[in-house]
Amino acid sequence: MKEILLIGGGGHCRSVIDVIEQEGQFQIVGIVDMAELLGRDILGYPVIGDDSDLENLAKKYAYALITIGQIKSPEQRIKLFELAKKAGFKMPSILSPRAYVSKHAFIADGTIIMHDVVINAKASIGNNCIINSKALIEHDSLILDHCHISTSVTINGGVIVEDGCFIGSGATTKESIIIKNNSVIQAGSFVT
Amino acid sequence: MKEILLIGGGGHCRSVIDVIEQEGQFQIVGIVDMAELLGRDILGYPVIGDDSDLENLAKKYAYALITIGQIKSPEQRIKLFELAKKAGFKMPSILSPRAYVSKHAFIADGTIIMHDVVINAKASIGNNCIINSKALIEHDSLILDHCHISTSVTINGGVIVEDGCFIGSGATTKESIIIKNNSVIQAGSFVT
Amino acid sequence: MKEILLIGGGGHCRSVIDVIEQEGQFQIVGIVDMAELLGRDILGYPVIGDDSDLENLAKKYAYALITIGQIKSPEQRIKLFELAKKAGFKMPSILSPRAYVSKHAFIADGTIIMHDVVINAKASIGNNCIINSKALIEHDSLILDHCHISTSVTINGGVIVEDGCFIGSGATTKESIIIKNNSVIQAGSFVT
């Protein structure tokens, strides 16, 4: 099995571990978090280093995924994604076996598709995104890089979500709209 | 494999193609759309005629499905459904293999059940409906003909949705209510 | 197959029957409801007694589940749960084969997990709960006893829902909040 390092050890990381375990392609070798958490474990996987260890860890392990959450600002996830790439990690996309990704859709690197997501025909998802549990990305939609599409969000057909957006849980978009760079969309809202 | 013609070639058609490909019972022979699109292709399937060719096409192909979308008014889908029936097509119901339809539920002709829909016990769906991705139709609900239940809608138990309704994406209904003929329900709303 | 008695014969019971049939571990032997419904059947299963027959029925059948709905108040479901336990029934948890329950999650007795529910890592569900169709319980959430999490609800990460709550259909919660004992949350709302 391929070995993967997880960067960020909070609640979102626990959900990601569950997806990776179910998906079955990667063995989680450990988690990178703050130095003071060294030696702790998260669902049985040890914290084995902090950000400053990424270059050394990249010599041992080929794959990494950013697993800190993204509430509102994408900055922290972008910074870690760039750091991990620079250190030499490959950033795979990981798809829950419970999700459906159309064969006519595209998913870029470092993006995770959580349980029960549907990505429909001709949709495209950028790098380093979280498409969270039960989200729906409809046909012909385009999600650019570093976006968090939260739990139970519905992105309707032909929508463009530009870089670094946060779409709050349960939000629904009108079809064929553009959501600008770094937008923060309120949970539960309908976006027109 | 049975051959099927799709009538209407927009974004909704792409989603339907994805469902039909996954479902695996029908071979798509082509799409009917506006004359000026003749020869174009949609996810690899050619536009082979316009509405005026339906009678001729019915001599070659047994099955058809209405695949234009329905935003608000059902008129265009009703017109095409009647035209296709008159031309002699059989209008099957098509169920995504990702959907769940209770064995205690009923689905009428020309209706498509998209990915990740749930149709619960004793629910009944009429003719020429779209039950769109991730919609939930709860127990004992009745959806009449020519309705579009959009993405991520929840129709709770014992609701009646009369003919020609459009229920906008992400809307939720109270249980045991009646939604009158040709209603247009705002996306994201809670209907009492 | 293990034999199970269902206590309460309304619309929710029909949804539960569908789940139990799909799950395949239990044979439904009958339904307990009001005396005047004796001899009626629900999806083919007979009403074989009322509440006053529970002690006798517990001598014949090992398992029971409370299958009346819970709109707002949990009182009736609590009363029947206590009555059935006192009569000697075992109250199993029942999981739809369409649901996903993380191996890092926990489900207590007498709780039903309906179709297309997701229960994520480190979530925990108490006794005698209904987690209704398409609900999502995110990582690290805690649902205590006698709660009804309605259809299409999203409980985000780290939320605590105390005893006896009713969370209305389609509602979404902010992460890491506490919803107090016996709260009634409006359908379609966003809870902060």
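May I ask for the angle, rounded to the nearest 10°, between helix B:75-87 and the longest principal axis of chain B, with both axes built from Cα atoms and the value confined to 0 to 90°?
50 degrees
Provide the convex hull volume over Cα atoms per residue for the range A:55-103, in Å³.
Details: hull volume 5.7 nm³, N = 49.
In the range A:55-103, the Cα hull volume divided by residue count equals 116 Å³.
How do A:Lys103, A:Lys134, C:Lys86 rank by accessible surface area computed with a 1.4 Å probe, from largest to smallest?
Numbers: A:Lys103 140, A:Lys134 20, C:Lys86 170 Å².
Greatest to least solvent exposure: C:Lys86, A:Lys103, A:Lys134.
Rounded to the nearest 0.05, what FRET efficiency do C:Lys2 and B:Asp109 have when you use their Cβ-Cβ distance and R0 = 41 Å? If you can, show how the numbers build up before the last one.
Working: r = 40 Å, r/R0 = 0.97.
Given R0 = 41 Å and the Cβ-Cβ separation, E is 0.55.
Report the semi-axes of the equivalent ellipsoid for the range B:1-69 in whole Å, largest first, where each axis is √(5λ) for an eigenvalue λ of the Cα gyration tensor.
Here the semi-axes work out to 17, 15, 10 Å.
Let me see the pair-distance distribution of the range C:148-192: every alpha carbon pair, 5 Å bin width, integer percents in order.
In order of increasing distance, the bins hold 7, 27, 35, 29, 1 percent.
I want to verify a result. In a Gaussian network model of chain B, Cα cutoff 10 Å, which of these has the top mean-square fluctuation: B:Ile113, B:Ile125, B:Ile42?
Taking springs between Cα atoms under 10 Å, the residue moving most is B:Ile42.
First obtain the Kirkwood hydrodynamic radius of the protein assembly as shown from its Cα pairs, then insert it into the Stokes-Einstein equation at 4 °C and 1.567 mPa s, and state the resulting D in µm² per second as a whole number.
Values: Rh = 24.7 Å.
D, rounded to a whole number, is 52 µm²/s.
Using the heavy atoms of the protein chains alone and a 1.4 angstrom probe, what is the accessible area of chain A per residue in square angstrom? Intermediate results must be reported in sequence, preceding the final value.
Values: 7120 Å² over 192 residues.
Spelled out: the 1.4 Å probe surface of chain A, per residue, equals 37 Å².
Regarding the range B:98-178, what's the average projected area of the Cα-atom convex hull, expressed in nm²? If you can, show how the numbers build up before the last one.
Working: hull surface 15.8 nm².
Directional mean of the projected Cα hull area for the range B:98-178 stands at 3.9 nm².
Quick check on the range A:127-167: take the gyration tensor over C-alpha atoms, sort the square-rooted eigenvalues as a ≥ b ≥ c, and tell me if it's rounded (a/c under 1.5), prolate or oblate.
On the way: a/c = 1.93, a/b = 1.07, b/c = 1.81.
Oblate is the answer for the range A:127-167, as a/c is 1.5 or above yet b/c matches or exceeds a/b.
What is the gain in length, in nm to one decimal, between C:Gln186 and C:Gln22 on full extension, counting 0.36 nm per residue of separation less the C-alpha to C-alpha distance?
Details: separation 164, 0.36 × 164 = 59.04 nm, distance 3.07 nm.
Stretched out fully, the C:Gln186 to C:Gln22 stretch lengthens by 56.0 nm.
Could you give each residue of the range C:141-148 its phi-based ³J(HN,Hα) in whole Hz, using Karplus coefficients 6.51, -1.76, 1.60 with θ = phi - 60°, and x for Gly or Pro?
Values, residue by residue: 8, 10, 9, 7, 6, 6, 9, 10 Hz.
With each label point set 7 Å from Cα along the Cα-Cβ vector, what nm distance links C:Asp53 and B:Ile177?
3.8 nm
Taking the Cα centroid of the range B:19-39 and of the range C:13-60, what is the distance between the two, rounded to the nearest whole Å?
Here the two parts' Cα centres lie 47 Å apart.
Enter the angle in degrees (range 0 to 90, nearest 10) between the Cα long axis of helix B:11-23 and the first principal axis of the Cα atoms of chain B, meaning the one along which they spread out most.
Its long axis makes an angle of about 90 degrees.
So which residue, out of C:Gly24, C:Gly158, C:Gly44, gets the largest mean-square fluctuation from a GNM of chain C using Cα contacts under 10 Å as springs?
C:Gly44
Would you mind telling me the share, in percent, of accessible area of chain C contributed by carbon and sulfur at probe 1.4 angstrom? Could you put the intermediate results ahead of the total?
On the way: 3460 of 7120 Å².
The C+S portion of the solvent-accessible surface of chain C is 49 percent.
Not counting ligands, DNA or RNA, and with a 1.4 Å probe, what is B:Leu80's accessible surface area in Å² rounded to the nearest 10?
10 Å²
Just to be sure I understand: of the beta bridges DSSP finds with both ends in chain C, what percent are antiparallel, rounded to 5?
Values: 2 of 42 bridges.
The antiparallel proportion sits near 5 percent.
Please list, ordered by chain and number, the residues whose modelled amide H lies under 5 Å from the amide H of B:Thr172; skip anything fewer than 5 residues away on the same chain.
B:Thr154, B:Ser189, B:Phe190, B:Val191
Tell me, what HN-Hα J-couplings in whole Hz come from the Karplus equation 6.51 cos²θ - 1.76 cosθ + 1.60 at θ = phi - 60° for each residue of the range B:4-9, using x for Gly and Pro?
Per-residue couplings from phi come out as 9, 9, 9, 10, x, x Hz.
Just by accessible area at a 1.4 angstrom probe, what is the order of A:His104, A:His12 from largest to smallest?
Working: A:His104 45, A:His12 20 Å².
Of A:His104, A:His12, the descending order of accessible area is A:His104, A:His12.
In peptide A:5-15, how many Cβ atoms from other protein chains are near each Cβ within 10 Å, on average?
Numbers: counts 0, 0, 0, 0, 0, 4, 12, 3, 2, 10, 10.
Average per residue, whole number: 4.
Which of the pairs C:Lys90/C:Lys122; C:Lys122/C:Lys180; A:Lys122/B:Lys72; A:Lys122/C:Lys103; A:Lys72/C:Lys72; B:Lys174/C:Lys60 have their Cα atoms more than 30 Å apart in this structure?
On the way: C:Lys90/C:Lys122 25 Å; C:Lys122/C:Lys180 20 Å; A:Lys122/B:Lys72 24 Å; A:Lys122/C:Lys103 33 Å; A:Lys72/C:Lys72 33 Å; B:Lys174/C:Lys60 39 Å.
From C:Lys90/C:Lys122; C:Lys122/C:Lys180; A:Lys122/B:Lys72; A:Lys122/C:Lys103; A:Lys72/C:Lys72; B:Lys174/C:Lys60, over 30 Å: A:Lys122/C:Lys103; A:Lys72/C:Lys72; B:Lys174/C:Lys60.
On a C-alpha basis, how far is the centre of the range C:104-119 from the centre of the range B:115-186 in Å? Whole number, if you could?
26 Å
In a shell of Cβ-Cβ distance under 11 Å around B:Lys103, excluding B:Lys103 itself, what net charge do Lys and Arg (+1) and Asp and Glu (-1) give?
Values: positive: B:Lys122; negative: C:Asp18, C:Glu21.
Value of the local net charge: -1.
Please work out how much accessible surface A:Arg40 shows to a 1.4 Å probe, ignoring ligands, DNA and RNA, in Å² rounded to 10.
Roughly 140 Å² of A:Arg40 is accessible to a 1.4 Å probe.
Find the eigenvalues of the gyration tensor of the Cα atoms of the range A:18-174, then list the square roots of 5 times those eigenvalues as equivalent ellipsoid semi-axes, largest first, in whole angstrom. Spell out each step's value before the answer.
On the way: eigenvalues 154, 49, 41 Å².
Equivalent-ellipsoid dimensions as semi-axes: 28, 16, 14 Å.
When the Cα atoms of the range B:37-81 are enclosed in a convex hull and the volume is divided per residue, what value in Å³ results?
On the way: hull volume 4.4 nm³, N = 45.
Looking at the range B:37-81, the number lands at 98 Å³ per residue.
Would you mind counting up the charge near B:Gly69? Only other residues with Cβ under 13 Å from its Cβ, with Lys and Arg at +1 and Asp and Glu at -1.
Values: positive: B:Arg14, B:Lys72, B:Arg77; negative: A:Glu138, A:Asp140, A:Glu175, B:Asp33, B:Glu75.
It works out to a net charge of -2.
Below 10 angstrom from the Cβ of B:Leu136, what's the summed charge of the other residues (Lys, Arg +1; Asp, Glu -1)?
-1
Determine the order of B:Tyr45, C:Tyr100 by accessible area, beginning with the largest, at a probe radius of 1.4 Å.
The most accessible residue leads, giving B:Tyr45, C:Tyr100.
The values are calculated or read from the model by the stated rules, or taken from the named source; none is laboratory data. Remember, it's a predicted structure, so these values are computed and weren't measured experimentally. Backbone-built Cβ (ideal geometry, glycine too); neighbour counts: all protein chains shown. Heads up: the accessible areas ignore ligands, DNA and RNA and are worked out on the full protein's heavy atoms, side chains in. Shrake-Rupley method; radii C 1.70, N 1.55, O 1.52, S 1.80 Å.
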